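The structure under discussion appears below in the form of structure tokens.
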Amino acid sequence: EPEIEIEKAAMRDSVPKLNRAKLETVILYITELSGARPRMDISLLLNMFYFCDFNHFELHEEQLTGLLYTKQPAGPSPEKIHSILKEMENAAKLHRIKSSYKGIPHYKYLPGVNPDMKKLSAAEKGVIDGVIEHYSGGPARALSNYACEDMPLRATKPGEPIDYELVFYRKPP
């Protein structure tokens, strides 16, 4: 039995290893296509990153951005994302804009440069397009609640890293 485990581990690497160039491309692509939508804010954006990463891992058994997520009360929280967004802002790759939706103020991001789509495979772009299509127009709270019901979050203790392997225990919608 241990030999089977070793083979399985060699086939699929579920340990997050940040791919900064790919992450920046994903950020720019999502904000280019949906950053200006009225409901789009940082909370919705972070949940979209989670679904891009975990859906891609479920379908293709490989990392997309390599972000490490922890379970927080509001849902999945990607590690170091706020400093990465700030660095992109400082480099004028991303613009943070104060906005409001139904009188509630929030911040949203718009791209300052075009995403380098050569950094994404067709399969990766397909997963991201699916997430944008399904989740970018809805309320952030609804997506956050949906994420909290997703098996990887349900099976993780608060504050703990979310194991990508848990996507294989999701129930079909």
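The values are calculated or read from the model by the stated rules, or taken from the named source; none is laboratory data. Because the structure is predicted, anything quoted here is derived from the model rather than measured. So basically every Cβ, Gly included, is an ideal-geometry build from the backbone, and we count neighbours across all protein chains shown. Calculation scope for accessible area: heavy atoms of the full protein, side chains included, ligands and nucleic acids excluded. Shrake-Rupley method; radii C 1.70, N 1.55, O 1.52, S 1.80 Å.
Sort out which residues of region 108-130 are closer than 12 Å to residue 30 by Cα and of a type in the set (A, V, I, L, M, F, W, C), and write them in order of number.
Selection gives 110, 117, 127, 128.
Okay, residues lined up against (1) at positive phi; (2) polar (S, T, N, Q); (3) in contact with a helix residue (DSSP H, G or I) (Cβ under 8 Å, 6 or more places away or on another chain); (4) assigned to a helix (DSSP H, G or I):
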{"position": "124", "(1), (2), (3), (4)": "no, no, yes, yes"}
{"position": "127", "(1), (2), (3), (4)": "no, no, yes, yes"}
{"position": "156", "(1), (2), (3), (4)": "no, yes, yes, no"}
{"position": "165", "(1), (2), (3), (4)": "no, no, no, yes"}
{"position": "171", "(1), (2), (3), (4)": "no, no, yes, no"}
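How many residues are over 14 Å from residue 150 (Cβ atoms) and open to solvent by 50 Å² or more (accessible area, probe 1.4 Å) when one looks only at region 47-67?
4
Go through (1) out of contact with any Lys or Arg (no Cβ under 9 Å at 6 or more places or on another chain); (2) open to solvent by 50 Å² or more (accessible area, probe 1.4 Å); (3) at pLDDT below 95 for residue 75 and report which single condition fails.
(2)
Report, ordered by the first and then the second residue, all pairs with beta carbons closer than 7 Å, sequence separation of six or more or different chains, a first member in region 112-126 that is surrounded by 13 or more Cβ atoms within 10 Å (Cβ to Cβ), and a second member that is assigned to a loop (DSSP other than H, G, I, E, B).
That search, which allows pairs on different chains as well, returns 112/92; 112/93; 113/93; 124/64.
What number of residues within region 152-173 satisfy the criterion of being free of Cβ contacts under 8 Å to residues at least 60 places away in the same chain and either buried (at least 16 other Cβ atoms within 10 Å of the Cβ) or acidic (Asp, Glu) (or both)?
Looking only at that region, the number is 1.
If you take the residues of region 3-48 that are closer than 17 Å to residue 83 by Cβ and assigned to a loop (DSSP other than H, G, I, E, B), which of them is modelled with the lowest pLDDT?
Here the residue is 16.
In the list 58, 62, which residue meets the criterion of being in contact with a Lys or Arg (Cβ under 8 Å, 6 or more places away or on another chain), assigned to a loop (DSSP other than H, G, I, E, B) and acidic (Asp, Glu)?
Unique residue meeting the criteria: 62.
Scan region 23-34 and tell me whether some residue there is polar (S, T, N, Q) and either crowded, with 24+ Cβ neighbours inside 10 Å or in contact with a Phe, Trp or Tyr (Cβ under 6 Å, 6 or more places away or on another chain) (or both).
Among the residues of region 23-34, at least one is polar (S, T, N, Q) and either crowded, with 24+ Cβ neighbours inside 10 Å or in contact with a Phe, Trp or Tyr (Cβ under 6 Å, 6 or more places away or on another chain) (or both), which makes the answer yes.
For region 87-104, state whether one or more residues are at pLDDT 95 or above, loosely packed, with under 14 Cβ neighbours inside 10 Å and not in a loop (DSSP other than H, G, I, E, B).
Yes, because at least one residue in region 87-104 is at pLDDT 95 or above, loosely packed, with under 14 Cβ neighbours inside 10 Å and not in a loop (DSSP other than H, G, I, E, B).
Which one of these does residue 118 not meet: (1) within 18 Å of the chain's Cα centre (by Cα); (2) at pLDDT 95 or above?
Condition not satisfied by residue 118: (1).
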